[in-house]
Structure formats: C-alpha cells, structure tokens
Amino acid sequence: MPDSGLFYKEWKQNKALLTMIFLVFMLSNPFTVLNTYISYQGCVANQNEWVGTCVFTINYLNGTYISLFWIWGVVLAVSQLGIERSKGLFDFTLSLPYTRGQIFNMKFLTGGLVIVAPQIFGYILSVLLLVLLKPEQAVYFHHYSLGMIIVSLLAYSLVMAGGALTGHIFAQLLVSATVTILPFLLMTLPAINLEILLGGTVEFIHGPVPEWVQYLFPVTYVVPNWVEDSPYYLVIPAIMTIIFYIIGHISFVKLSNERNGYFFLWKTLDRPVQVIVIIIGIMGFGYFGFAATESFAGYIFGMAAGAVIGFFISYFAIYKKTKHL
C-alpha cells in the first residue's frame, strides 16, 4: 500500500484537476435528471402552446452528460504521467524514498478513486431524485450509470499504460488511440486487403460475427450504443482494465526514465513498431487507392504512397526527441 505522503504529494500537485473531475463525476448524473425534469415542467407550463403531451421520461441513450466521462479519464491519466514527465517533474518523484511500484500504484489508486467514488455518489443521488420526482421511465439508467464507471476506468487505465510505455504526451496519446482501434488494424484491415488481392470475399468480414467481438475494440465504448446490449458484455472492458493496469505497472517498474523525450521508454520497441506502422500504412493507403480508382494500379500506387508516408511518420514520431515543456 502506498505511503500517505505519496498521496499528499499527488494531491498537492493535481488538486485543482482532481477536484474538478470529482465534482463533474458526482454532479453530472443528478444534473441529467434535474435538467430533464425542468424541461418537463416547462412543457407542462406551456402545454397549450406545445403540440403533443408532456411525458417525464429520462433516456440515458440520448445526449446525457455522463457519456463524456471517458474523456476525463484520459485527461487525468495524461496529467499524472504525460504532463509530469514532459515538464521534467518525474525526476523529483522518482527521487523520493519510494519504490516505482508504490509510485505507480499511488497514482493509479488516486485516479481510480477519483473516477469511481464520485460516480457512485452521483448514482446514489440520482436514484434518490428518481424516487422523489417519479419519472414515468428512466431508460437504461442503471445499466448506463454503472457501465460508465467501467468505461471511464478503462479509458484511464489504457492511457496510464500508454504513459508508462512512452516518453512524452504526444506518444502517450498516440499509442493509446492506436490501441483503441488495434483489433481493426490487426484483423479487419488485413482481411480487406486479402479481398483485393484474391478478387473475392473473405468470410471473416462477410460471415456472421458474434456480437461480443465488437467489445474487444476499446473505441466501441466512445459511443454509448453499447448500453442497448447485454450488461454482461461489460465484463470485457473490466478485464481489459485489469490487463492495462498490469501492463502499466510492469512498464513503470521495469523501464528507466532517462530516455525522457523519446517516443518509447523501452528502446527495443522502436524498430518493431516502426515496421508495423509501415505495414499498416501500406495496407491502409492501398485500400484507399483501390477504393478511389477501382483498379489494381491504384492499389499498387496507394501501397507505395503508404510505405513512404508510414516510414516518415514512424521515423519522425519514434526517433525524434521531444523537448521538455
């Protein structure tokens, strides 16, 4: 268990952000209920002027504030790792008489509490408001409110893992964003290119795909349509959260900090990742070239352009050192 001094240091360093995120998480859900109730009261007061009947129904699938909670998980993780490292403050943190494991666990536990605790408080307040105000329906209320705790924690753990592997903010965000669509890059994009090369269809794309497969894509949870499916699917992001925590913890403990400013802290990743980026560039631009021209020549031209673009992007992103802020 991290020492209380570590928690105090983290609080003093990020207290404005932590307080703001705590309040947003706690108040957004009750505010959604109150805002809907106020709109309903406005409808009742002006019923003669409005067409139709007034119904006090809360649908959490339509424009609720809590649908953006995952963004705050990203902001918090960037602040705790990316910004601190880019400002050169990590040397001081690592010089404190604590192990790297204690430091990472303190940061993760602080972020986790700020994400989970206020959302639970907000959920309880919302339940009390629903009991008091008695709406006709609260569609997806329990599923969405509790599911967003997992989704925002998933976003936080993913970006924390990205920050533990990388040396600056841009790298942290780029790696995290790439992981959110990684199943597409590793499965769907190669299958699409196989279709073009073989001149036929690949069953993997056009055959029946189990519904749960989409939940392997972290990007799926950006859009709240997941709430329409079984709540048991939320086990998948919960497991991914644990996996990202383990990756982040091992990376933070094992990797050194002296390469601050470079893309990856683990230098061994540089070349394999560059190769992967070039391959993805070849397949991606090859597909777009084929789609634009509907010809194999366009496909070849797109592949060549993708190889060049992928090389330069990966070279300047991975091997060019970023200065401290």
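The values are calculated or read from the model by the stated rules, or taken from the named source; none is laboratory data. This structure is a prediction, so every number in the text was calculated from the model and none was measured. Cβ sites come from the backbone with ideal geometry, for glycine too, and all protein chains shown count toward neighbours. Areas reflect the complete protein model, heavy atoms only, side chains present, ligands, DNA and RNA absent. Shrake-Rupley method; radii C 1.70, N 1.55, O 1.52, S 1.80 Å.
Values as computed for the structure displayed
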{"quantity": "Accessible area in square angstrom per residue, the chain, 1.4 angstrom probe", "calculated": "52"}
{"quantity": "Under 5 Å, built H, 5+ apart or other chain: amide partners of Y262", "calculated": "T322"}
{"quantity": "Solvent-accessible area of H249 with every protein chain in place, 1.4 Å probe, in Å² to the nearest 10", "calculated": "50"}
{"quantity": "Residues whose placed amide H lies under 5 Å from that of T166, excluding near-sequence neighbours", "calculated": "L265"}
{"quantity": "Probe 1.4 Å, all protein chains present, accessible-area order of Y233, Y315, Y221, largest first", "calculated": "Y315, Y233, Y221"}
{"quantity": "Against the rule of thumb 2.2 N^0.38 Å, how large the Cα Rg of the chain comes out", "calculated": "1.18"}
{"quantity": "F7 - accessible surface, heavy atoms, 1.4 Å probe, Å² rounded to 10", "calculated": "50"}
{"quantity": "Order by protection proxy (mean Cβ within 10 Å, highest first), peptides 88-99, 272-283", "calculated": "272-283, 88-99"}
{"quantity": "Percent of Cα pairs exceeding the 23 Å cut-off, where the set is region 1-99", "calculated": "50"}
{"quantity": "Long-range amide H partners of A138 with built H, under 5 Å", "calculated": "I58"}
{"quantity": "Heavy-atom SASA rank of R271, R85 (probe 1.4 Å, accessible area, largest first)", "calculated": "R271, R85"}
{"quantity": "Solvent-accessible area of S4 with every protein chain in place, 1.4 Å probe, in Å² to the nearest 10", "calculated": "90"}
